[in-house]
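Data first, discussion second: the structure below is written as structure tokens.
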Amino acid sequence: MSVPPSGQRPSSTPPSKKSTPSDDDKEQKAFQLPGRKEQVKAQEEEKKKKGLFDLSSDEIGIKAKQQGIQQEVQTDLSAGIEKAAADKTAAVTQVSQVAQLIQKTVESMRIGQVGGKDFASLELKTNENVPQAFAGAHLTVSYEANQITIHFDHFMTPQQENTAINLVEKNKEQLVQMMQSLNAKNIQIAELSLGSHVVALPRIEGLPPPFQPTLTAETEPSRQQDQGDQGREQNQGEPE
């Protein structure tokens, strides 16, 4: 058995090895210290979330103004639709009333044009809706240049015609009211006749201009008296 040379003794401890982290240490470090990329990604996502919900005061004002304009447009549109519907309903009602009046009082009707004048010829019914003085008679209304001509003829008897004439002549107030209503619509009655009788139409005075007093019978003599007094004063002041 050979003995190692003196001065070289075998070491009692094994040679040291380079230390490496164990797998357990790696797992602990992964849970305790997140990576840099994950932190940056989390911060970016947080900023995006804030950007969705955080609005500046200018943006809020613009959005509120846009909403207000939209509400105004919707309100005006709704009001316009309601007004148009109301006007249409009123027009339909008026047309319906006129149609009912014609059905109740008119037996037959002809509309045409003769000599450049538009006319409507109506045969009145003989019922309770038409006065007896005009029942069964024919009414012709012609129109030209804002003037109308009204003519009644074809009475059933001469007595009925005379009754109609007396009825119109004795009720001039109603005739004046009718003429005033037509004048307000720029329509004038050129002539009113019953058979061969032409009714003398009352004179309708036009309204005076605004803020201009009308000259009455009481103020006219006083004006003449004032002028006479001024003339006498001038004559007295002149030397003889």
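With both partners inside the range 105-198, how many of the DSSP beta bridges are antiparallel, as a percent to the nearest 5?
If we restrict to bridges inside the range 105-198, about 80 percent are antiparallel.
Provide the net charge surrounding GLN147, with neighbours chosen by a C-beta distance below 12 Å and charges set as Lys +1, Arg +1, Asp -1, Glu -1. Can you show the working numbers first?
Values: positive: LYS117; negative: ASP118, GLU144, GLU191.
Summing Lys and Arg as +1 and Asp and Glu as -1 gives -2.
Put a dot 7 Å past the Cα of LYS104, heading toward its Cβ, do the same for ASP87, and the two dots end up 2.9 nm apart. Phi-derived couplings, Karplus 6.51 cos²θ - 1.76 cosθ + 1.60 at θ = phi - 60°, listed residue by residue for the range 117-129: 10, 7, 9, 9, 10, 10, 9, 6, 6, 10, 9, 5, 7 Hz, with x used for Gly and Pro. Net charge near SER121: determine it from the other residues with C-beta under 13 Å of the C-beta of SER121, scoring Lys and Arg +1 and Asp and Glu -1. The answer is -2. So if R0 is 45 Å, what FRET efficiency would SER193 and ALA79 give, r being the distance between their Cβ atoms, rounded to the nearest 0.05? Once rounded, the FRET efficiency stands at 0.35. Taking amide H as placed 1.01 Å from N in the peptide plane, VAL199 has its amide H under 5 Å from the amide H of LEU192, SER193, LEU194, each at least 5 places away in sequence or on another chain. Counting charges near GLU82 (Lys, Arg +1; Asp, Glu -1) among other residues having Cβ under 13 Å from its Cβ returns a value of 0. Distance between the 7 Å Cα→Cβ label points at ASN183 and VAL95: 3.3 nm. Set the Cα radius of gyration of the range 105-198 against 2.2 N^0.38 Å, with N its number of residues, and you get 1.09.
When both the range 154-197 and the range 79-119 are represented by their alpha-carbon centers, they are found 23 Å apart. In this structure, the amide hydrogen of ASP118, modeled 1.01 Å from its nitrogen in the peptide plane, lies closer than 5 angstrom to those of TYR143, counting only residues at least 5 positions away or on a different chain.
Only the coordinates and a few stated rules stand behind these numbers; no lab work does. None of the values given here were measured: they were computed from a predicted structure. Quick reminder, even Gly has a Cβ in these numbers, built from the backbone with ideal geometry, and neighbours come from all protein chains shown.
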